[in-house]
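Where a number appears in this text, it was derived from the coordinates with a stated rule and is not lab data. If you're wondering where the values come from, they're calculated on a predicted model, not measured in any experiment. Backbone-built Cβ (ideal geometry, glycine too); neighbour counts: all protein chains shown.
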Amino acid sequence: MSQAQAEVAEKKNEEWEPNILVIACNWCTYQAADMAGSLRYSYPPTCKVVRVPCSGRVEPEFVIEALLNGADGVLIGGCHPGDCHYKEGNYKALRRFEWLKKIVEELGIEPERVRLEWIAGSEGLKFAEVMKEFDATIRKLGPNPLKKV
Amino acid sequence: MSNDEKPRIGVYICHCGENIAGAVDVKAVAEFAKTLPDVVVVRDYLFMCSDPGQELIKQDIRDGLVNRVVVAACTPRTHEPIFRKACEDAGLNKYYFEMANIRDQCSWAHWHEKEKATEKAKAIVAAAVAKARLLEPLEDRYIELTKEVMVIGGGIAGIFAALDLANAGFKVHLVEKSPSIGGNMAKLDKTFPTNDCSACILTPLMVEVANHPNINLLTYSEVESVEGSVGNFKVKVRKKQTYVDWDKCTGCGACLDVCPPKARVPDEFNEGMSLRGAIYIPFPQAVPKKAVVDMDACIKCGGRDFSGKEPRLSKSGKPILAPCEKVCPTGAADRTPYRDPNGELVELNVGAIIVATGYKVMDKHHFKEFAPEHPNVITAMQMERLISATGPSEGKLIKPSEIPKLLEAKKKGEKVEVEKPHTITFISCVGSRDNRYHTYCSRVCCMYMLKQAMILKEKYPDLDIYIFFIDVRTPGKDFDEYYMRCRQLGIKIIKGRAGGIQPLPDDRLLVKGYDAEIGKPVEVVTDIAVLATAIEPNPTLKELARTLGINVGAEGFLKERHTKLYPVDTMTEGIFIAGCAQGPKDIPDSVAQAKAAAASAMSLLDPGKMTVEPLISEVNKEKCTGCGICVPLCPYGAISLVECEDGKKKSEINPALCKGCGVCTAACPSKAITLHGFTYDQVLAQIKTIARWPEIPAE
Ligand SMILES: Cc1cc2nc3c(=O)[nH]c(=O)nc-3n(C[C@H](O)[C@H](O)[C@H](O)COP(=O)(O)OP(=O)(O)OC[C@H]3O[C@@H](n4cnc5c(N)ncnc54)[C@H](O)[C@@H]3O)c2cc1C
Ligand code: SF4
Ligand code: SF4
Ligand code: FES
């Protein structure tokens, strides 16, 4: 690596900001994200939300594609167990998530980059806290290894 | 506008006054949006949702400039319907609309990081545009609504809900688990704050229910299963076996007294202070006034057990009958025909359901410190029965320990001297506002203690009455005036907790407490101690809630959709709640909620049909392999495998049942299921746009 290249790489790392995708169920976590905003709880702007009706709508492929396309972390947010608007979508999400983690590891990606959280519509504060914490975890892990190659 | 027309997207960015523009550089986002694929128009405005803001969008649609609309503003949870309507008004299919949430989820949350907030807003807009490029036009669906309502629970709340709906022309099925309607109010003597006789105001309403042409009264019945959803619930109701032919029973009561002593059990209506036979009518004013046999108590006199056997014959050749059937003048209690112990299953089709299953009071035996075994320690509900003219002592105030003696004498037609109390002490908040039992306030106890004290003091001025209160809560209309009247009558109020009751050798009771006003322990010697035990949800409420698919809160009462704005709605559309099943309350509040629930059901069902968003799933029969994986996954049973023309089985989704959760869509291994509004391509386009940020995927 030439001197100039190394400098660029270093500069890149310093400036590097994680890119985090949050796939949120409409009835709980998406509402919690709104709530965090309206109560002015701040969290890292690295986190960006995509809305789905229910955590049960999330296909494992969505997460894999996100990672393959360069997201540094993916968080799926749903309602607390027993509170799913569609009765049990979140249980299905949980079952798929166990399986998803294994695939992620097989792809050579740290499993900590994917996460499943139950955040209720009233838990604006929890949403902000989880985002801060997830952002910190991803910062420690550094950029998505698939993005480097 | 046809589907395959190339997208021409208009992006409209809202300043929301300073709410967005204060953190996000709106102009920079607008410049960026212009670079996005298929975007042809970008505008920004101070308040997009205002009339002139919406007009900007409408004009562009009418001018044929745009055929897809993205509004970057607040949250779709509140504003999507508004902008969809604007699109529709201008002639665009309203599902050609997508929202970018750059206020609640961007400017507000990142107020102090303006540059980063602007970058994030750009990413959010880019993702929304990516989805907008793939939007499809959809048509709203309508579902037919059944104009019939099931009301569960026939207390005062259920009665009012049923009557209001029936009077408005709706068919009502009133399901009550006990043999009569009336609920707890039927047990009360007089009612605060006006002290009018409970039976006098309740009985006419009960009769009106029974005679109403629009009310199908199902007493001694319980809900067994509920399927379907708003507008079309399919309900199975179990009519329990009464073991009495109700078509023949006239409610004459001849059978009540002949039941032998071995078959006598504590009478629920008198709160266990007297006994009833195995065959019984719950109370004199019962509606319907019909007898039932309690099979757990029945000793099957003469082997008469409803198994379909003819009676045995005595030596003299006469059939041996049970006393009840022998005495019944109409043959209603006849025990020869076989009666199915499972009763009968009734199927109902209703558009809405109102749950009004009320409460029960806590049993005194939970409270060991208050000598619960002592017959003169009673609950306030027992006090209601003791002072009621239909109670065990016919309203005469005696010591509860004397009731058996009185009843025995009455049976023999003799006169007897019984002891009367000189002192009565009430203890408040027993089981309420107490971390060991319930943290909530039962709300009616302060008032009913004052009521009972007032009634007793007015009738027996020589009585000494003490009430231990933690504090007196009388916030209702005319309630504090009521309290002041009580004080003027000379009822002694002690502010402080009573800690225990000790039975004295002379059969009296020593109540030990603490008087917070003088800061000292106090002791009161009393003849009767009345415990204001907490109001609790019925023990079967949790199970009923599960059957209905509605929630209960931490304390076990039914949970309303929103405490302030939707107090009688539940999270399940079409199911409403009223009365004490929702939480402890008095009669005026129970009635108000019942009327609110009835009105909500009416406004829901009256139009006869309801628009539902077409955001539901659909199977592509060509791709479906018939594996059946999706079928058991659907929480609403909307999916079934049906045989196609070619003989192969394919999956099919019933659009009336699908709620659009997308669980099946995510699970189908053949990608045969599309969830409209959240299709695989649409969601993936958003995800990829964010994942690749700041690069914009071209395809
Ligand atoms: C001691 C005492 C004194 C009171 N005095 C007064 C007073 O003076 N003034 C006043 O305003 N309020 C008073 N109250 C409060 C009053 O009793 C209630 O506000 C009122 O009775 C509530 O009516 P409800 O219809 O909600 O419930 P309930 O009266 O409990 O009726 C519920 C009905 O539903 C039925 N049910 C339960 N579960 C099911 C099921 N699964 N399926 C079918 N049916 C079911 C029950 O059998 C019952 O008939 C008093 C309460 C107590 C405890
Ligand atoms: S899971 Fe997919 S392929 Fe299998 S039956 Fe259902 S729709 Fe058809
Ligand atoms: S989207 Fe949900 S509700 Fe609709 S058919 Fe699929 S699993 Fe059932
Ligand atoms: S609706 Fe939130 S997880 Fe199902």
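Note on the protein assembly as shown: with charges restricted to the Cβ of Lys and Arg (+1) and Asp and Glu (-1), its dipole about the Cα centre is near 1840 debye. When +1 charges are put on Lys and Arg Cβ atoms and -1 charges on Asp and Glu Cβ atoms, the dipole computed for the range A:5-122 relative to its Cα centre reaches about 560 debye. Principal-axis analysis of the Cα atoms of chain A puts helix A:124-141 at an angle of about 30° to the longest axis. Here the label points at B:Glu18 and B:Ser670, each 7 Å from Cα along the C-beta direction, are separated by 5.9 nm in the simple model.
Could you compute Rg(Cα) / (2.2 N^0.38 Å) for the range B:9-140, with N its residue count? Walk me through the numbers on the way to the answer.
Values: Rg = 13.5 Å, N = 132, 2.2 N^0.38 = 14.1 Å.
So the range B:9-140 has a normalised radius of gyration of 0.96.
With the convex hull drawn over the C-alpha atoms of the range B:238-283, the volume per residue is 96 Å³. Extension gain for the segment A:Glu98 to A:Leu39, taken as residue separation times 0.36 nm less the Cα-Cα distance, is 17.9 nm to one decimal. Taking the range B:165-252 on its own, what percent of its Cα-Cα pair distances exceed 17 Å? Here the long-distance tail beyond 17 Å is 63 percent of all Cα pairs in the range B:165-252. Here the calculated FRET efficiency for B:Asp471 and B:Lys542, from their Cβ-Cβ distance with R0 = 35 Å, stands at 0.65, rounded to the nearest 0.05. Computed over the protein assembly as shown, the per-residue total of -39500 (n - 2.57) for DSSP H runs of n ≥ 4 gives a 222 nm mean residue ellipticity of -9000 deg cm²/dmol, rounded to 500. Quote the FRET efficiency, to the nearest 0.05, computed for A:Glu15 versus B:Arg8 with a Förster distance R0 of 45 Å and r equal to the Cβ-Cβ distance. For A:Glu15 and B:Arg8, the calculated efficiency is 0.75. Where does the Debye-calculated log10 I(q)/I(0) of the range B:616-675 sit at q = 0.13, 0.22, 0.29, 0.30 Å⁻¹, using only Cα point scatterers of equal weight, no solvent? Rounded to two decimals, the profile gives -0.26, -0.76, -1.31, -1.40.
Compactness of the range B:8-77, taken as the C-alpha radius of gyration over 2.2 N^0.38 Å, stands at 1.05.
In µm²/s, what is D for the range B:288-375 at 4 °C and 1.567 mPa s, where D = kT/(6 pi eta Rh) by Stokes-Einstein and Rh is the Kirkwood radius from Cα pairs? Using the Kirkwood radius from Cα pairs, D works out to 73 µm²/s.
Note that the protein assembly as shown carries a Kirkwood radius of 31.6 Å, evaluated over its alpha carbons pair by pair.
Rounded to whole numbers, the Karplus 3J(HN,Hα) couplings from phi for the range B:578-591 are 7, x, 6, 5, 8, x, x, 6, 8, 5, x, 6, 5, 5 Hz, using 6.51 cos²θ - 1.76 cosθ + 1.60 with θ = phi - 60°, and x at Gly and Pro. Run the paramagnetic zone check for B:Met571: 7 angstrom along Cα to Cβ, then residues of the range A:109-126 with backbone nitrogen under 14 Å. From the range A:109-126, the list is A:118-123. With distances taken between every two different alpha-carbon atoms, the range B:332-395 has a Kirkwood hydrodynamic radius of 17.0 Å. So for the range B:108-169, Kirkwood radius off the Cα pairs, Stokes-Einstein at 37 °C and 0.692 mPa s: how many µm² s⁻¹? After rounding, the answer is 188 µm²/s.
What translational diffusion coefficient, to the nearest whole µm²/s, does the range B:47-90 have by Stokes-Einstein, given a Kirkwood radius computed over alpha-carbon pairs, a temperature of 20 °C and 1.002 mPa s viscosity? After rounding, the answer is 204 µm²/s. Dividing the alpha-carbon radius of gyration of the range B:361-536 by the rule-of-thumb value 2.2 N^0.38 Å gives 1.02.
Using the beta-carbon distance between B:Leu138 and B:Arg485 and R0 = 60 Å, what value does 1/(1 + (r/R0)^6) give for FRET efficiency, to the nearest 0.05?
0.40
Quick check: residue separation of B:Thr611 and B:Lys368 times 0.36 nm, minus the Cα distance between them. What number comes out in nm?
Computed gain between B:Thr611 and B:Lys368 is 81.8 nm.
When the alpha carbon gyration tensor of the range A:22-143 is reduced to an equivalent ellipsoid, its three semi-axes come out at 21, 19, 10 angstrom, largest first. Remark: spin-label model distance B:Leu641-B:Asn620 equals 2.2 nm, labels positioned 7 Å along the Cα→Cβ axis.
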